[in-house]
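Just so it is clear, none of the values below were taken in a lab; they were calculated from the coordinates. Keep in mind the model is a prediction, meaning the values are calculated, not measured. FYI the Cβ positions are ideal-geometry reconstructions off the backbone, even for glycines, and counts take in every protein chain you see.
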Amino acid sequence: MTLNAVIEMHPQTDEKSDHHWSRIEERGIFLGLKIMLKTYRTFGRSGFSLILYPVVLYFYLTNRTARRASSAYLQRVDADARGRQKLGRWPVWFCSLRHFFCFGEATLDKLCAWTGGFQVKDFNFENYETFTALRDSGRGGVIIVSHLGNAEVSRALETRFRKGKITFLVHTKHAEMFNRLMHQENPRSAVSLIQTTDIGPDTAIFLKQKVDAGELVVIAGDRTPTCGSPRVSMAPFLGTPAPFPLGPFILAAVLNCPVLLMFCLKEKNRYRIIFEPFSDAVDIPRARRRALHGEFVRRYAERLEFHCLTTPYQWFNFFDFWHGSAPHDERPK
């Protein structure tokens, strides 16, 4: 398999919302990544780690929005007995700081993935036959991922999946910038980023051609437009209804193809990649589309919640995912 393209699908957002993820991502990202890649190439993983942790600590101390979002999320996890067991009985500020450090580790692993530092031996697979059955059938499909764990490292599996092609749709407003940076660092990289603000007719036709050719389309299911957008569906998530994007499920309906979920979770020094069958084909009659879209969102939210409660420190959405809804329970700070 060649990792064919990384394409951005970015729903319309409310530009007045300074704390929405789409605004937060814009701050100095290109220069920061350039410096990180240069540091990583110069000093290696160990040397980079020495620089990374003070930077993460500074980010934790100075970014009040991200710190509050982390604490609110962890309080929701703590309200569930399964999540409380995984968090341990630490004060919320300590759990939040650990959450930030896990994010720093994930950033380091992204750099390793971009520069070819991961090999197939660094992964354990769960339900891998679910993926290979789809790949070897010659049918195309949609894989829905999340910001739980580190889907970026799946790029390291390029040689193992050489029988097919995968198109990643990612939420970033910097597609051309990432594309330039990636090819500067790795001219042989097969990864490309193409920016689009919406799935219009041209994008739909492009993706339909990919799926009809037996290729896979990958999209995150937990990046949303701002609250009040008609492009979301509310679903229970960690005790409070939260807005989830309809885009992945509308896309699957348009492409009328099988859908899998994929989670890439770190366990010590290895990653566990989990494939879960979701739907053989999302073929939704027009009269039932709204109800069935909501049903698919609810099912996705259930699986994301399950894995968040299992690995709570690996969900890296440092913004108000619930758009101001208070958690049901708060541990003392």
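Computed extension length for Phe101-Met234: 44.9 nm, one decimal, from 0.36 nm per residue of separation with the Cα-Cα distance subtracted. Multiplying the residue separation of Thr132 and Arg299 by 0.36 nm and removing their Cα-Cα distance gives an extension gain of 57.8 nm. Remark: for residue pairs Lys121/Lys210; Lys86/Lys110; Lys34/Lys208; Lys110/Lys268, the C-alpha separation exceeds 26 Å in Lys121/Lys210; Lys34/Lys208.
Under 5 Å between amide hydrogens, built in the peptide plane, is the criterion, and for Asp222 it picks out His147 among residues at least 5 positions away or on other chains. The distance between label points at Ile51 and Asp122 comes to 1.9 nm (points 7 Å beyond Cα on the Cα→Cβ vector). Neighbours of Ala235 by Cβ distance under 15 Å: Lys/Arg scored +1, Asp/Glu scored -1, total +3. Taking the Cα centre of segment 99-147 as the origin and placing charges on Cβ (Lys, Arg +1; Asp, Glu -1), which of Phe125, Gly104, Val145 is farthest toward the positive end of the dipole? The residue sitting most towards the positive pole is Val145.
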